[in-house]
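> Can you read through this structure? Questions will come right after.
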Amino acid sequence: MRRRIRWGWIFSVVLTIAGIPLAYWYLTTTVLAPTMRLATLRRQPPPTLLRVPVAGVRVRQLVDTWGGIRSGNRRHEGIDIMARRGTAVVSAASGMVSMIGENGLGGTVVWAVGPGGERHYYAHLDSVAAIVEGQDLLPGDTLGFVGNTGNARTTPPHLHYGIYTDSGAINPYNRLIPPWRRKAPAAGP
Ligand SMILES: [Zn+2]
């Protein structure tokens with residue numbers, strides 16, 4: 001007497017076998033790779049000299065705008081770099097895109113994690129470049145384009161650039177200037 005083939009059973013075996021590499025692929029690309037990349041970045045020393053994060057802007061054009069008074073008793077936790085709308089905003093350091101989003105103050109923003117686990121913040125963007133969260137970055141990679149979104153909508157277009165360490169915001173100004181041209185940093189908040 002012939003046995004009936006249990007197709008359902010065969011189907012589940014095939015699905016299981018196919019599922020193991022699929023689950024492995026999913027875990028490595030979406031969970032393990034970014035986690036390991038972040039761990040590697042945290043172990044690296046923060047770069048002493050960063051790339052000016054707006055294309056075409058020279059070091060001598062930079063103005064130290066750290067610590068200025070802002071609305072709601074806030075202090076300015078970064079540097080504003082004036083540029084024409086649509087100018088490319090580029091990554092100041094190597095690293096990984098950690099978040100692309102919107103918020104009330106910053107408007108359209110990009111966050112990236114760099115060496116030493118520093119979080120680099122690019123705000124008031126007109127638009128974001130063709131990047132995705134989790135993407136690797138080299139200094140100079142285009143992140144977006146200068147605008148005046150968020151609370152900058154009443155001001156001329158500029159990039160707000162901030163650096164956050166585990167102990168809070170630090171002044172990016174001197175990090176953008178070659179060491180031999182640095183002066184004593186302005187008092188922070
Ligand atoms: Zn600003």
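The values are calculated or read from the model by the stated rules, or taken from the named source; none is laboratory data. Predicted model only: the values in this text are computed from it and were never measured. Every residue, glycine as well, gets a Cβ built from its backbone with ideal geometry; the counts of neighbours run over all protein chains shown.
> For Asn171, indicate whether it is farther than 14 Å from Val52 by Cα and within 16 Å of the ligand (Cβ to nearest atom).
In short, no.
> Which of (1) farther than 30 Å from Gly104 by Cβ; (2) exposed (fewer than 12 other Cβ atoms within 10 Å of the Cβ); (3) of a type in the set (Gly, Ala, Ser) is the odd one out, the single condition Gly56 does not satisfy?
It fails just one condition, (1).
> Also, I was wondering about something else. Within the stretch 87-100, restricting attention to residues that are part of a strand (DSSP E or B) and aliphatic (A, V, I, L, M), which residue is nearest to the ligand (Cβ to nearest atom)?
Looking at the filtered set, the residue picked out is Val89.
> Next question. What tally of residues in the stretch 71-86 results from selecting those that are of a type outside the set (A, V, I, L, M, F, W, C) and in contact with an Asp or Glu (Cβ under 9 Å, 6 or more places away or on another chain)?
To start, the set of residues in the stretch 71-86 that are of a type outside the set (A, V, I, L, M, F, W, C) comprises 71-78, 80, 84-86.
Going one step further and asking which of them are in contact with an Asp or Glu (Cβ under 9 Å, 6 or more places away or on another chain), we end up with 85-86.
The total comes to 2.
> Any chance you could count how many residues in the stretch 123-148 are away from the ligand (no atom under 16 Å from the Cβ), in a loop (DSSP other than H, G, I, E, B), at negative phi and in contact with a strand residue (DSSP E or B) (Cβ under 8 Å, 6 or more places away or on another chain)?
Here the count works out to 7.
> Please determine, by comparing only the residues of the stretch 41-86 that are hydroxyl-bearing (Ser, Thr, Tyr) and within 16 Å of the ligand (Cβ to nearest atom), which one is modelled with the lowest pLDDT.
Checking each candidate, the answer is Ser71.
> Return the residues of the stretch 149-160 that are near the ligand (Cβ under 8 Å from one of its atoms) and either part of a strand (DSSP E or B) or free of Cβ contacts under 8 Å to residues at least 40 places away in the same chain (or both); say none if nothing qualifies. Break it down into steps so the answer makes sense when it comes.
If we filter the stretch 149-160 for residues that are near the ligand (Cβ under 8 Å from one of its atoms), which is where we start, we get 152, 158, 160.
Within the stretch 149-160, His158, His160 meet the criteria.
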